[in-house]
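Here is the structure we will look at, set down as structure tokens.
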Amino acid sequence: MVAMTGDAGGAPDGTPADAPGTPDGTPADAPGDSPDGDSAGPPAGTPADAPDAPGGRLHVEVDGAAVAVPAGASLLAAVRAAGAELPALCSDDRFGPAGSCRTCLVRAGGRIAAACVTPAVSGARVDTAAADLVRLRREAVEVIASVLPPRALAGDNPSELARVCRSLGVGPDAARGTGGRGRDDSHPYVHLDRDLCIACGRCVRMCAEVQGTFALTLVGRGADTQVAPGTGGPWAESDCVACGGCVDTCPTGAITQPGPAAGLTSAYAPPTATRTTCGYCGVGCALDVVADGGRVTAVLPARDGPVNDGHACVKGRFAHGFLTSPERLTRPLVRRGGRLEPAGWDEALERVARGLRAAVAAGGPDAVAAVSSARATNEENYLVQKFMRVVVGTNNVDNCSRLCHSPSAAGLTASFGLPGGTDSFDGVERADCLFVVGANPVEAHPVVGARLLRRALEGAALVVADPRAVGLAVHADLHLRPRPGTNVALFHGIAHVLLTEGLADTAFLRARATGLPELTELLAGYPPERVQDITGVPAGDVVAAARLYGRAERPAIVYGLGVTEHRHGTDGVRTLANLAILRGAVGTDRGYGVNPLRGQNNVQGASDMGALPDVLPGYAKVSDPSARAVAEAVWGAPVPPRPGLRLPGMFAAARAGTLKALWVIGEDVRATDPDANRVARALDACPFVVCSELFPSETARHADVVLPAAAWLEKEGTFVNFDRRFQRVRRAVPPPGEARSDFDIVRSLARVMGADLGCATPADALAECARLAAPLFGGLSHARIDREGAVPWPCPDPGAPGEAKLYGRGFATPDGRAHLAAAPYLPPGEAPDDGYPLVLVTGRRWAHYNSGSMTRRGDGLALGPADFLDVHPEDADRYGLRDGAPVVVESRHGRARLVARIGEETAPGQVFCAFHFPASGVNRLTSHHADTVTSCPEYKVTAVRVSAP
């Protein structure tokens, strides 16, 4: 093979150990001598300090055409901006240049240069088309191709190298290698053909610089150099997290995904691909979906994705096999004689309508409730809440944000005025200090995790507060490990240091905040030494964290469910927000505020659309007569004035016999809600249960009617991601059998019940929402989002941009100020004792999502075959547990069976597990304790005991 990046095995950072290079990492001969002996330095005759074009742009002439590129851009960027074809087999614009393949040679200022590593300067004249340049490029490509087997240049090969060869007139006979190095097909999503590796290093750099996993390296010497997993064993046993970045960047097809999509990359996505937004976590990655015959054959990360910048994770890129699972629900089911049996849509909808009418007749409109879906589109959530309020006549509608980020909505609203993160992620990524709290984005939000890690590796200070030593914590400058349930005390300790050491922004506090005297008085009781006693975090680390955050020029806070899913989760959000207020780091150019990572794809949007019991679309209170009047004018129907039941209250009402009908949309509450045994009793007690689902879930098994729903790749609409961006969802394939979108289901049910909801299309629904929820969403429409790709809210005007960074002109609170919270630390709902001596924390693993209903139905099951219980070695010895052996976990509420995994990611006295396999029964363990403000469950603190079965 051609060892394009030097000889020898890989160094820890993925760079070949003896690769030639200068101290700054630039190859010593780039842009050095060209093949014909010309020096390839800065373009001759162009002054090194040539002035930039206005706005930091550089004027460059490429083959006689003038182009403007950003300051710092390379000649390769200028050439591509001019639309000229230029190969660059060692280059990818998602990471820095290498200059090793010599296929991007151009002439600038009379000298031949490798365009990828030569900076553009204003006034440069670049020639790409001269005959001698084409000859040099062709010769470089011929050398690379010569050692590859003939299949590398076969006529139907879609690889980048094959395309380059065809464009340069290099025929298939140029590939004369004999191969014989073998393959590694051990991984379900990533296959390696060693014979096609040219050691360009792109996959290694993608894994290190973009993904941050460092799972790949180059091994061998000279012409024998090739890529390999860093562990030295099969790919499936490596640290690979299957983001697909190596597949996407490989120029030869050495690394591919299996199946008909082998060789496809985002750089060469077919023009027929459907652009949509990922339906897994709340990051909101833009994806290009390739389909054939009504089946998805590939999902590629969009190179121009507003959030993901051409990157993806294992779920968004590969976990689409569930679409064609034989377990998909394709026909409605109705219960007859105690059994769920297939039925037509007419019968199913009539059964639902009859059940809802009977419930209203027995107990009034408030005897009906609906759980809307954070997986559904904005338009579907809008229609569900409208149906409940207009057709049924109740505010009994909620969504799963109740179980995860309702404390975010309450806490951020109380502190700043709006229920969303304060800044765009683009801003957060420019921070010089990242405070990541109660979140493991490397696993739960991998694209965000990779971008945060990249920023830390570039020099930003990284402070992580999390009980577990995972993900970003491994790379942190400072890792704080508070005892679960002690966040408020930790944040008060940091705030104490900010005030006592003069790190607070007194001018900001005087001009734009309120509540400082009360907070100051409270913080006197939280010196670092007392905080150490409560949290277990050493006092010195509390001080160090405060100094890193307080002395940064542009700090940012990013947090997750480890802050919200507590008995005092809203207090946690508010006291975390205190830090940004004290620092003057919100609504200013001196920081990037407080930003929650949303768990499911449309948690933010479901709430934005009013699928909550106390607010209308746009967060207007149902108890506000003026807000109801606006909704009534748009809907032409009265809106009930009394707030409805929250999700836990629905189950309590069912057990009490006052809730007569429950419609659960797109959520397996039997598996994912806390204290699952009590949820099961509620479902059994409710006289009529409807479930809209993709699969026969645990909840569906309790239902009287099951309606087959379309998945996110099968419908139209929009999602709102974690930093408040509206993005389009587009249908790439039809739903299977008779399955329908939730939008169609709600409209059809309304018609059966004699009501017309209007909103013939999802676009109509968003337009109606914009009228009702102006000014927050007043400027939004499908047409606008189609044009712009992503539009953040607030967006009051169709002709003005949305507001990515909030509060620059004032806070949205009644007095226009940020509100500091003087909330005392209060203990969690449960504490360990002699009977239940361990604290269980639950969360997610990288290979799966939520209850696993989608990720368990595909090849990815091999990446995470079971729910594991992470146990510290000391606890494993104490309780006689063996690594990989079954373990029984018991709490005061229930019992679960898991598989032990022994390691030091958890602290002694703490255990961790996910809830991706409902059969394991994890949420039978969790308690009924909930946030005192929002009813969000306390998933993060459950007292348990463990034993070998």
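The values are calculated or read from the model by the stated rules, or taken from the named source; none is laboratory data. Remember, it's a predicted structure, so these values are computed and weren't measured experimentally. Cβ atoms come from the backbone with ideal geometry, glycine included; neighbour counts cover every protein chain shown.
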Query - Boolean, TYR619 is closer than 26 Å to LEU472 by Cα and either modelled with pLDDT of 95 or more or in contact with a Cys (Cβ under 6 Å, 6 or more places away or on another chain) (or both) - result: no
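Among the listed residues ALA930, ALA943, ALA900, identify the single one that is modelled with pLDDT under 95 and in the same structural domain as GLY860 (by TED's automatic domain parsing). Explain how you work it out, then say what you get.
Working: ALA943 fails: modelled with pLDDT under 95; ALA900 fails: modelled with pLDDT under 95.
None of the others qualify; the one that does is ALA930.
Results for (1) buried (at least 19 other Cβ atoms within 10 Å of the Cβ); (2) within 25 Å of the chain's Cα centre (by Cα); (3) not polar (S, T, N, Q), shown as yes or no for each residue.
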{"site": "ALA242", "(1), (2), (3)": "yes, yes, yes"}
{"site": "GLY263", "(1), (2), (3)": "yes, no, yes"}
{"site": "SER266", "(1), (2), (3)": "yes, yes, no"}
{"site": "THR276", "(1), (2), (3)": "yes, yes, no"}
{"site": "HIS311", "(1), (2), (3)": "yes, yes, yes"}
Query raised in the report: Mind checking which residues of region 599-616 are at pLDDT below 95 and either in contact with a Leu (Cβ under 9 Å, 6 or more places away or on another chain) or within 11 Å of LEU772 (Cβ to Cβ) (or both)?
Result: GLY599
Requested in this report: Kindly indicate whether VAL134 is more than 33 Å from the chain's Cα centre (by Cα), farther than 24 Å from THR265 by Cα, part of a loop (DSSP other than H, G, I, E, B) and not small (Gly, Ala, Ser).
Outcome: no
Query - Breaking point among (1) more than 19 Å from LEU597 (Cβ to Cβ); (2) under 18 Å from the mean Cα position of the chain (by Cα), for LEU453 - result: (1)
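Just name the residue that is nearest to ASP673 (Cα to Cα) out of those in region 702-739 that are without any contact (Cβ under 8 Å) to a residue 40 or more places away in the chain and over 23 Å from the mean Cα position of the chain (by Cα).
Step one: filter region 702-739 for residues without any contact (Cβ under 8 Å) to a residue 40 or more places away in the chain, giving 702, 710, 735.
So of that shortlist, the ones also over 23 Å from the mean Cα position of the chain (by Cα) come out as 702, 735.
Details: HIS702: 15, PRO735: 28 Å.
Looking at residues that are without any contact (Cβ under 8 Å) to a residue 40 or more places away in the chain and over 23 Å from the mean Cα position of the chain (by Cα), I get HIS702.
Would you list the strands (runs of 3 or more DSSP E) that sit entirely within region 214-298 and hold 1 or more residues that are within 27 Å of SER325 (Cβ to Cβ) and of a type outside the set (D, E, K, R)? Even if it seems obvious, please write down each step before you answer.
Working: elements: 216-219, 226-229, 274-277, 286-292.
Result: 274-277, 286-292.
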Query raised in the report: Pairs, please: C-beta under 7 Å, at least 6 apart or cross-chain, first residue in the same structural domain as ALA461 (by TED's automatic domain parsing) and in region 472-486, second assigned to a strand (DSSP E or B) and not aliphatic (A, V, I, L, M)?
Result: ALA473/HIS479; PRO484/GLN910
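Which members of region 767-786 meet the condition of being assigned to a helix (DSSP H, G or I) and touching a residue at least 12 places away in the same chain (Cβ under 8 Å)? Reasoning before the result, please.
First pass over region 767-786, keeping only residues assigned to a helix (DSSP H, G or I): 767-772, 782-786.
Answer for region 767-786, where residues must be assigned to a helix (DSSP H, G or I) and touching a residue at least 12 places away in the same chain (Cβ under 8 Å): ALA767, GLU768, CYS769, ARG771, LEU772, HIS782, ALA783, ARG784, ILE785, ASP786.
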Requested in this report: With the checklist (1) part of a strand (DSSP E or B); (2) touching a Ser or Thr at 6+ places or on another chain (Cβ under 9 Å); (3) not hydrophobic (A, V, I, L, M, F, W, C) in hand, flag the one item ASN381 doesn't pass.
Outcome: (1)
Query raised in the report: Does region 118-129 contain at least one residue that is closer than 28 Å to THR256 by Cα and within 41 Å of the chain's Cα centre (by Cα)?
Result: no
Query raised in the report: Right, ALA460: in contact with a strand residue (DSSP E or B) (Cβ under 9 Å, 6 or more places away or on another chain) and of a type in the set (Gly, Ala, Ser) or not?
Result: yes
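Could you list all residues from region 251-261 that are surrounded by 17 or more Cβ atoms within 10 Å (Cβ to Cβ) and either closer than 17 Å to ALA319 by Cβ or touching a Gly at 6+ places or on another chain (Cβ under 8 Å) (or both)?
Start the filter on region 251-261 by keeping residues that are surrounded by 17 or more Cβ atoms within 10 Å (Cβ to Cβ), which leaves 251-257, 261.
Matches in region 251-261: GLY253, THR256, GLN257, ALA261.
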Report task. At least 1 residues that are over 23 Å from the mean Cα position of the chain (by Cα) in each: list the strands (runs of 3 or more DSSP E) lying fully within region 552-666 that qualify. Result -> 661-665
